Structure formats: C-alpha cells, structure tokens
1. Only helical DSSP H runs with n ≥ 4 go in: add -39500 (n - 2.57) per run for the chain, normalise by residue count and round the 222 nm mean residue ellipticity to 500 deg cm²/dmol.
2. Looking at the chain, what % of its DSSP beta bridges pair antiparallel, to the nearest 5?
3. Could you pull out the pairs from LYS479/LYS510; LYS65/LYS123; LYS246/LYS289; LYS384/LYS521 whose alpha carbons sit more than 23 Å apart here?
4. Could you state the angle between the C-alpha long axis of helix 2-28 and the longest principal axis of the C-alpha atoms of the chain, as a value from 0 to 90 degrees rounded to the nearest 10?
5. Explain nothing, just compute: Karplus ³J(HN,Hα) = 6.51 cos²θ - 1.76 cosθ + 1.60, θ = phi - 60°, for every residue of region 291-307 in order, whole Hz, x for Gly and Pro.
6. Taking Cα atoms, how many degrees apart are the long axis of helix 79-88 and the longest axis of the chain, rounded to 10 and kept between 0 and 90?
7. For ASP260, what charge total do you get from the other residues with a beta carbon under 13 Å from its beta carbon, if Lys and Arg give +1 and Asp and Glu give -1?
8. Roughly how many percent of the accessible protein surface of the chain is carbon and sulfur, given a 1.4 Å probe and a whole-percent answer?
Amino acid sequence: MRFSIVALLCVALSCLFGFLAAGEVAAENPPRPNIVLIMADDLGYSDVGCYGSEIQTPHLDQLAKEGLRFTQFYNCAVCVTTRAALLTGLHPRRRGGRLLHQDMTTLAEVLKLAGYRTSLTGKWHLGNTKPNRPTDRGFDEYYGLADGCSNFFYPTKPDPDFYNGGKVRTFLHNEQKITSFPDDFYATDAFTDHAVKQIESNAKADAPFFLHLCYTAPHFPLHAKPADIAKYKGKYEDGYFKLREKRFERMVKLGLMQPDWKLSPPDYNASKFRFDYKIPAWEDVADLKREKRRMEVYAGMVDSLDQGVGRVLTAIKQAGIEDNTIVLFLSDNGGCASYPGYWKESTRKAREAYNSEPPGGINTYDFVAPGWGWAQCAPFRRFKVWTYEGGIATPLIVRWPAKIKANTITQQVGHIVDFMPTFMELAGAKYPQERQGQPVPNKEGLSLLPILSGKQRAGHESLCWFLYGNRAVREGRWKLVWGADQTKWELYDMQADRTETNNVAAQHPKRVERMKQNWLKWAKQTGAPLKGNRI
C-alpha cells in the first residue's frame, strides 16, 4: 500500500514537471504566425494617406498606426518582374520570354512544405496554363485574374481593339475558367470576398496559413463604382503639379521625407523610352474636364481597395487570430503614366469612340496619363517602369501586434526578395535544394525580422535593377541610375537627395565606375541584357 502511494506520488510529480516543461517549450516556441501579404497594382508611393495622400484610406492608415512603415522599400518597377521576384526571392531571370521557371521554388511551395495552408486571391500574371498556374506553384486555392489587367466590372469582356487587339482575359477558380459574372460584379470587391472566406476557413484549421491578396486596383482601365467616384468630385481642380506639392508637404510632416529635399522635375523631352511621356503644364491640358475625372476615378479605385483591406482586417479580428497574424501591404511598382494617345494614329477613331463616355464605367477604357501618374509617385522622379525612385520605391506597411512596435517608421533599406527568407524564418521552413530534379538558385534576399523587431540590419551590399533598358544600383547611401535619356550613368546621394535632383557623378568617378562594374556582374548573373528594351 505504501509503495502504491509513493508510486502514485511519483507519477503525479512527473506529470506536473512534464506539464511545466511543456509550458516552457511553448513559451519559447510560440505558434507560427499566419501571413497575409496584400499587394496593390500600380499604386504610387504617395497614394495612401499615411504616406501623404489626400485619398481616404482609413484602414491602411490604421494598419500603419498599429505597425511599422518603411520609407525605403523597393520592388522591380513593373507588374510581372515584381511578382516573379516576390514569389521566388530571386531577382528577375530573363529566359525564353518567361520570368517564373521550373527550377525556381515559390513562397507558396516553401510554406506549404512547412505545413502552411496557402491561397492566392487576385492577380497572378505569371502564366495561365500548366505548369505555371498558381495551383501548379504551391497554392492550395486560387481565385482571380491570371493576366495582367482586365475590365473591373466584367473581366472577360474583350479588350478594345485599339489597346490589345480584342484579347479576352483569363479568370480562374483553381484550374476552372470563369467566363460569366453577376451584374453587380466588381473585381476589388470579389477579391476581398474570396480573401475573407479564406481567412474564415483557414482560421478554423489546425495549421497556420499564408494568404496572398493581389488586388488589380488601381491598375488601368479606370473603373470605379459611382459612389466611390462621387467622393472625389472636384478634389483635383488644381492639377497634378499642386497635388505633388501638397503631398510632399504632408510627407515632411509625417516624418517620411526631409524638408530640404527638392521636388523632382517633370523631365520634359527627356524620354527616349517607347512613348513620348511629356507632362504638359496644367493650363495646357486639352480636355481639363476629362483629365480631372481620371484622377477622381483613380482615387475611387484606391478608396475601394482600402475598404477591402478594412474587411480583411475585420475578418482577421473576428476570427480571433489578430495578435499572431502578420499583415503586410505594398505596391508592385510606381504610378502608371500610360495614356490613351500613345497608340498609333490608325486606331484614333476606335479610341475616341470607345472613350465617348466619361472614364469610370464598364464601356470605357482609360488611363490616368503621365501627369497624374507622376504625381502619384510624389516627390520622386518618374513612375512605373523607370528605375528612378518613382518607379521602384513602394510603401510597405507591416503589422504584427505580438512583435512589432506600433506607429513606428524605419529608414532601413529593404527589397521584395527579402520576403522569402523572412517568411521562411517565421515559418521554420527550409529552402529546397532542388525542384523537379533541377537545382534551385540560392535565395538572394535577407530576412527582415531584425528590422521588424526594432533592430539594425546589416542590409544588402548591393541592389540592382533592369527593366526596358533602365538600370540602377543601390549601395548604402548611394544610387547609380542609367539616366532618363539612356546615354549615361547618374549618381545620387540618397541621404542628401532622395528625390534624385542633384547628379554628383562628375564628383565621384571612381564610385561610378565601381558601381557600374557591380551592375554588369549582376546583369551577367541574372541574364539582364546590356542593350535593347527587353523586360
């Protein structure tokens, strides 16, 4: 009897110590966070309220108040290069007209191997047939546009002949094509609806999840709901030059920009790239009514996107997973400066007929044009496709209540290739050595977790870009850019002149040559062409 009591006591003590030990392990190894990565399409650096915009973005502003804002985070200047680099953790590799190759692994594949449930909602743009559909590349669930852009009210409505030869876009739910849509369909809302359903479903599962929400807003064509457009009626009477000034003033007050930096110039007559991107003086605009309407519609698109983000954040909160869910928001490139007039003269009549209605509705196909596209990137030079800051700098907001100090700003430099090592570290995932029997290139990013934890990160020794003949290198405080006239290198001190208005290449010839050689080495590694305007 005495032995039995002693034995029972030993068992009880053993269980107690085991429980305490397990508690210590649990404390040391908290549950892996859910990851929600939200990306806008063609959103300019200053298009969000917490980055200086007049557009109403209360939900993104609240996300910033509860998290961290980056002032120097970079993408790859255009939709497809950014998406390939973000998903693979590799700088774009140009082979055979594609950017996503079978010897590359994706964030979804890596996280899925680590036990995450994975879903993508929205724009894909990396292939709409096997083996490069989202469900071929690690996503358990996909709903959205496989192409680069489409009609927001009816995604498979053929593009106008003057734009893309009447192409019909591909919209998928997993591998199934969707060809018809309800009368009240609007792409931004539909992507939000699906993302919310994924959050609600995944929150109930016994596994963390990765949700990549890729809005097509505010990419052209300019389509917005009438109520959202109405909010901005008359807001843009002063034009894009005044808008840039006001946004810059707000950015200085927010602590995002230095007051002694200058607003970038419009680069009149500087461009030799594909189209003539002249930015006319506001008083010289031929159709002011239509010009103002374009920005009103664009603002409505951004407003709608913010409403969608608000619904996503509400779903996370209602699911009870807010503290252990990291939410990130960024854009794939700078504001877009495309405009209806750049097509050949033979399409002029078709273009005018298609745009006989004011921008915004299902039967129109319009763009913000160079002036507004430039203003959306204030205070930087240029816009989408260029490797000046206007093309490659993106807002990045990160909220993780369990780890990130609220309402903070970092000046540290980051790049979208950093997401791969960051998410791997969060998930306890391993980077595969091969995929389908082929060696996988080494990941090229650096984890952002030190920055998210409020620490200083060593950072990249060098970051390089190439797109349509445009080139750039960022090393510490210095940035080397192949100039707007595409004839010479320009050097800028990012600490003294983030807006790239004072070319100091002549004062630092050795630095220019050294950074140029580093770019050439990178170009050889990644296959970036030395000549021509390839992507």
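1. Details: 15 runs with 173 residues, N = 535.
Result for the chain, helices only: -10000 deg cm²/dmol.
2. About 55 percent, rounded to the nearest 5.
3. Details: LYS479/LYS510 14 Å; LYS65/LYS123 28 Å; LYS246/LYS289 21 Å; LYS384/LYS521 25 Å.
Long pairs (Cα-Cα over 23 Å): LYS65/LYS123; LYS384/LYS521.
4. Rounded to the nearest ten degrees, it is 10.
5. Per residue, the Karplus-derived 3J(HN,Hα) values read 4, 5, 4, 4, 6, 4, 5, 4, 4, x, 5, 5, 4, 5, 4, 4, 4 Hz.
6. With both axes taken from Cα atoms, the answer is about 20 degrees.
7. Neighbour charge sum, excluding ASP260 itself: 0.
8. Values: 11580 of 22040 Å².
In the chain, the share of accessible area belonging to carbon and sulfur is 53 percent.
The values are calculated or read from the model by the stated rules, or taken from the named source; none is laboratory data. Note that this is a predicted model, so its numbers are computed, not measured. Note that we place each Cβ from the backbone using ideal geometry, even for glycine, and neighbour counts take in every protein chain shown. These accessible areas exclude ligands, DNA and RNA; they are computed on the full protein's heavy atoms, side chains included. Shrake-Rupley method; radii C 1.70, N 1.55, O 1.52, S 1.80 Å.
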